[in-house]
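Below is one structure, written out as C-alpha cells; the observations come after it.
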Amino acid sequence: MTGQSHKTPPWVWAILGILLLAAGIYAALWLPKRLAAPEEASAVPVAVNFPAPDLHFTDLKGKKISLRDYRGTVVLLNNWATWCPPCRDEMPTLEKYYRRHKSQGFIVLAVAAHEYPFEIKAFLAKQSYQLTFPIIPDPDEASMTAFKQNRLPVSFVIDRNGTVRLMWIGAISGKMLERYVTPIITEK
C-alpha cells in the first residue's frame, strides 16, 4: 500500500455537495424568519406593582409636566437616549402604537436620560419620522433615579390610577405592546 494514493469515490463528493446545497437552502429559508426584523425582536415585560414616583419635567416645548398630570391616562414612560441604538430603533414602534391608542387615553412620555434639549432636537431633526408624543429632556436623570434603573431603554407602564404595572428592560416590539399594554388600556 505504500506509494498508492487513496482516492475518494466521486459519489461521496456528490453526496457532500447535495448535503451542502440542502443546508444552504435550509439556512436561506429559515434564517430570515429566525433573525426577525427589529419590530419582531422584543424584551418581555415584568409585572410589577408600585406607586408611580412624583416626577416633574419640562418638555421640549417648554411646558411643565408632572407625572401626576396624567392620572386617568395609561402612561408608557420610556427612558431612552439619543446615543442608544435600541432606544432609537424602538421609537417608530412606540409612535405607531401611540397613534393607534391615544384616543383611548394612552400616552407615551419619552424621557431622554442625561440629555439636554439641544441634543434631542438635533437628533429629531435627522430622523425620517416624526414623534408626536412628548419628548422630555432629563439631564439630571431624575427618572432613572426615581425608578432605580441604570439601563437603557427601560420602560414602565403606569395605569390610570398611578400604579406602575409593567417594566421593560430592552426594546419593545409592537406585538408585545399589543399583548401587554392594550389590556391595561381597555380596563374599566
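The values are calculated or read from the model by the stated rules, or taken from the named source; none is laboratory data. Every value quoted in this text rests on a predicted model; they were computed, and no experiment measured them. For neighbour counting, all protein chains shown are included, and Cβ atoms are generated from backbone atoms with ideal geometry for every residue, glycine included.
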(message) Tell me yes or no: at least one residue of segment 158-169 is surrounded by 15 or more Cβ atoms within 10 Å (Cβ to Cβ), modelled with pLDDT under 95 and part of a loop (DSSP other than H, G, I, E, B).
(response) no
(request) For segment 77-129, enumerate the residues that are part of a loop (DSSP other than H, G, I, E, B) and within 18 Å of Ile158 (Cβ to Cβ). (result) Gly105
(message) Residues that are without any contact (Cβ under 8 Å) to a residue 24 or more places away in the chain, out of contact with any His (no Cβ under 9 Å at 6 or more places or on another chain) and of a type in the set (A, V, I, L, M, F, W, C): does segment 79-94 have at least one?
(response) yes
(message) With out of contact with any helix residue (DSSP H, G or I) (no Cβ under 9 Å at 6 or more places or on another chain) and acidic (Asp, Glu) as the only criterion, which of Glu178, Glu90, Glu115 stands out?
(response) Glu90
(message) I'd like the residue in segment 29-56 that is at pLDDT 60 or above and among the small types (Gly, Ala, Ser) and, out of all such residues, is farthest from Thr145 (Cα to Cα).
(response) Ala41
(message) I'd like to know if segment 139-155 contains one or more residues that are touching a Pro at 6+ places or on another chain (Cβ under 9 Å) and in a strand (DSSP E or B).
(response) yes
(request) Mind counting the residues in segment 58-74 that are surrounded by 11 or more Cβ atoms within 10 Å (Cβ to Cβ) and outside any loop (DSSP other than H, G, I, E, B)? (result) 8
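Can you pull out the residues in segment 143-164 that are touching a residue at least 24 places away in the same chain (Cβ under 8 Å) and among the hydroxyl-bearing types (Ser, Thr, Tyr)?
Ser143, Ser155, Thr163
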(request) Working only within segment 171-184, note down all residues that are among the small types (Gly, Ala, Ser) and surrounded by fewer than 17 Cβ atoms within 10 Å (Cβ to Cβ). (result) none
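Suppose we filter Ala122, Ala112, Ala146, Ala142 for residues that are within 16 Å of the chain's Cα centre (by Cα) and either surrounded by 14 or more Cβ atoms within 10 Å (Cβ to Cβ) or not aromatic (Phe, Trp, Tyr) (or both); which single one remains?
Ala112
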